[in-house]
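Report on the structure given below.
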Amino acid sequence: MITNFQQTRQAQRGSALIAVFWLIAILSMIMLVGVRMLEADTKISRVNRARIYAQRFAETGLAIGRHPLITLDDPLLHHADGNAGGYNVTIRSEEARLNINVLLLKSDRAMLKRLFTFWGMKTDDVAALSDALKDWVDADDLVSLNGAEKRDYEKEGFDGMPFNRPFKDLDEMSLVRGMDQIAELRPEWRDWFTVHGDGHVDVNDARPELIALLADVPMERVAPLLEFRAGPDGVRDTIDDRRISSVQQLAQLLGVNQPVVVQQLTQWVRFDGVIRRIESVGKMGGISRKLVLITQGNQVLWRGEVPNHEG
């Protein structure tokens, strides 16, 4: 017969066993949390390490691209190591882009409207953004028909805007009311614009879509021009690349002969840009960093990091 004492001891042992089980469960949870935290810390450390190496690769590529003796077909502009890291450097004319300040200060917004429409922006939004950009760079506080001046920005909680002067860089351009729509439509919109140069577009480096817009021709008309620039081997940045040297040659490659189009091209284009844009994309694992250096002769016009939209 089990005595009260024995019952009490059994109850105590049962409680102790339950406590042990709870303790084991708690310790297991603590260990699991610790493992998860360690995994998170390890992942963060790997990402931070990859960022550092990607930055170093990009810096290396930028230094090589800046060397005065480097040529576009030099293999030193591309490097990959066995650890999924490396860099890729491209050198282009900065004048292969639209100078936003020249477009706005000359009150020539037709090209901007054509570009924004090409990007898929609605007609009313195109007019509003074009006027807002113009209001940002002009020196007065007069509001354009669809534009925005100080009072409009203050209503949205932005003091001290617009700056009422030409853009110093493209980050300032992103502050203009309506540019958020462009960022959604074309995240790489910065690749189309510059604040350097005299406004003439170097068609030897310009992207095909921009050339089509300048000449107001469909994209398929630009194909012969691209083939000409790439040379016999059909690859850019190789020793057999060719350059366009005149408006007449450009018009012939585009298949246009209307005097008004030729005259328009004469006003827009150039063939010998003097401002270099060196872009170096450093990669490590799945991380990439894109550094840009803009130079004219020995003078550095701008240096910084920009969003990388590769791949």
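The values are calculated or read from the model by the stated rules, or taken from the named source; none is laboratory data. Since the structure is predicted, the reported quantities are computational estimates derived from the model, not experimental observations. Methodologically, a virtual Cβ is constructed for each residue, glycine included, from the backbone with ideal geometry; neighbour enumeration extends over all protein chains shown. Remember, those area values only see protein heavy atoms, side chains included, never the ligands or the DNA or RNA. Shrake-Rupley method; radii C 1.70, N 1.55, O 1.52, S 1.80 Å.
Listed here are the residues, each with its yes/no results for (1) outside any helix (DSSP H, G or I); (2) farther than 22 Å from L112 by Cα; (3) among the hydrophobic types (A, V, I, L, M, F, W, C); (4) at pLDDT 95 or above.
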position: V222; (1), (2), (3), (4): no, no, yes, yes
position: F228; (1), (2), (3), (4): no, yes, yes, yes
position: D233; (1), (2), (3), (4): yes, yes, no, yes
position: N257; (1), (2), (3), (4): yes, yes, no, no
position: R277; (1), (2), (3), (4): yes, yes, no, yes
position: S280; (1), (2), (3), (4): yes, yes, no, yes
position: I294; (1), (2), (3), (4): yes, yes, yes, yes
position: L301; (1), (2), (3), (4): yes, yes, yes, yes
position: N308; (1), (2), (3), (4): yes, yes, no, no
Q: Report whether or not V274 is under 19 Å from A206 (Cβ atoms), out of contact with any Cys (no Cβ under 7 Å at 6 or more places or on another chain), aliphatic (A, V, I, L, M) and open to solvent by 70 Å² or more (accessible area, probe 1.4 Å).
A: yes
Q: Tell me which of these P224 doesn't satisfy, since it passes every other one: (1) surrounded by 14 or more Cβ atoms within 10 Å (Cβ to Cβ); (2) touching a residue at least 12 places away in the same chain (Cβ under 8 Å); (3) within 15 Å of L254 (Cα to Cα); (4) not charged (D, E, K, R).
A: (1)
Q) For A148, are the conditions met, namely being in a helix (DSSP H, G or I), in contact (Cβ under 8 Å) with a residue 12 or more places away in the chain, open to solvent by less than 50 Å² (accessible area, probe 1.4 Å) and over 27 Å from V261 (Cα atoms)? A) no
(Q) Just to be sure I understand the filter: pairs with C-beta atoms under 7 Å, separated by 6 or more residues or on different chains, first member in the range 68-85 and touching a residue at least 12 places away in the same chain (Cβ under 8 Å), second member of a type in the set (S, T, N, Q) and assigned to a loop (DSSP other than H, G, I, E, B). Which pairs pass? (A) D73/T238
(Q) Condition check: part of a loop (DSSP other than H, G, I, E, B) and crowded, with 19+ Cβ neighbours inside 10 Å. Does D205 satisfy that? (A) yes
